[in-house]
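Below: the structure, in structure tokens.
The values are calculated or read from the model by the stated rules, or taken from the named source; none is laboratory data. Not measured: the values here are computed from a predicted model. Cβ sites come from the backbone with ideal geometry, for glycine too, and all protein chains shown count toward neighbours.
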Amino acid sequence: MTSRRATFSVVLVLGAIAAGVIAITPATDWPLILQAASRQGATQPASAASQAPASITSPKAALGFNIGDDYELANYTQISAYWRTIDRESDRVSVVEYGTTSVRDPRGYILPSDQPDFLTATKFVNALIKNGVTVHRASAPFQVAGESYPAESYVVKTAQEFRPHVLDNFEPQDYPDDFAYPGGPPVRPYDVTGYTLAYQMGVQFDRIIEGFDGPFERINGVVRPSPGKVSGAARPLAIS
């Protein structure tokens with residue numbers, strides 16, 4: 001009986017995903033775990049389906065777009081809120097929160113415009129854009145997690161289709177502690193041991209763990225660096 005209940009739960013979740021009721025996105029980091037199962041009659045799928053509520057909030061009504069729409073991706077906050085909405089409306093989905101984790105991927109990265117070598121940071125951002133990554137730029141000063149950032153700072157959020165590529169370019173590569181035998185030399189990697197472009201270029205950035213927003217404008221096309229300026233009083237130079 002337990003096996004049949006577990007099997008039906010999996011089928012129900014997959015069916016809900018296929019129907020667009022449940023959507024899995026790269027922004028989900030799974031401290032929030034869904035347990036999809038019929039609370040009554042779990043061993044009778046046909047009967048359970050016939051008793052489904054007449055009205056369930058659609059993804060478009062909750063998120064503002066349909067699952068699968070081009071250039072649209074819900075963030076973790078939107079997805080978790082939608083889970084809870086479905087939980088309230090249906091007796092076949094139950095949201096169970098098991099707690100949060102301190103080890104998880106960030107929600108995005110901020111590259112301050114006042115860093116010493118902002119020109120190199122701009123070159124780094126252009127490399128991301130050329131590979132399909134969505135990058136935003138702040139149109140005004142803003143604050144995130146108690147830190148202040150100036151206008152023109154770059155923002156790269158991880159809730160996008162090229163999320164794995166974003167992480168590869170910002171996060172360090174951890175080579176496994178692998179040895180040929182106890183006390184022996186480490187096993188050589190096949191190729192490069194690290195390829196975190198932000199580290200290689202010396203770009204300064206902040207990892208932002210929680211969701212955030214601000215006066216951000218999407219960058220279309222490559223970035224042209226802002227013209228430089230020289231400030232301070234001029235001093236005469238005498239040449240003899």
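For region 134-141, state whether one or more residues are more than 30 Å from THR196 (Cβ to Cβ), surrounded by fewer than 20 Cβ atoms within 10 Å (Cβ to Cβ) and either in contact with a strand residue (DSSP E or B) (Cβ under 8 Å, 6 or more places away or on another chain) or not small (Gly, Ala, Ser) (or both).
no
Conditions: (1) surrounded by fewer than 17 Cβ atoms within 10 Å (Cβ to Cβ); (2) at pLDDT 90 or above; (3) touching a strand residue (DSSP E or B) at 6+ places or on another chain (Cβ under 6 Å). PRO186 meets all but one. Number of the miss?
Tallying (1) surrounded by fewer than 17 Cβ atoms within 10 Å (Cβ to Cβ); (2) at pLDDT 90 or above; (3) touching a strand residue (DSSP E or B) at 6+ places or on another chain (Cβ under 6 Å), PRO186 fails exactly one: (2).
Given the conditions (1) without any contact (Cβ under 8 Å) to a residue 12 or more places away in the chain; (2) among the hydrophobic types (A, V, I, L, M, F, W, C); (3) assigned to a strand (DSSP E or B), which single one is not true for PHE65?
(3)
With region 108-160 as the region, which strands (runs of 3 or more DSSP E) entirely inside it contain at least 3 residues that are within 11 Å of PHE205 (Cα to Cα)?
108-111, 154-157
Kindly evaluate ASN169 against the criterion of being touching a helix residue (DSSP H, G or I) at 6+ places or on another chain (Cβ under 8 Å) and either under 13 Å from PHE216 (Cβ atoms) or part of a helix (DSSP H, G or I) (or both).
In short, yes.
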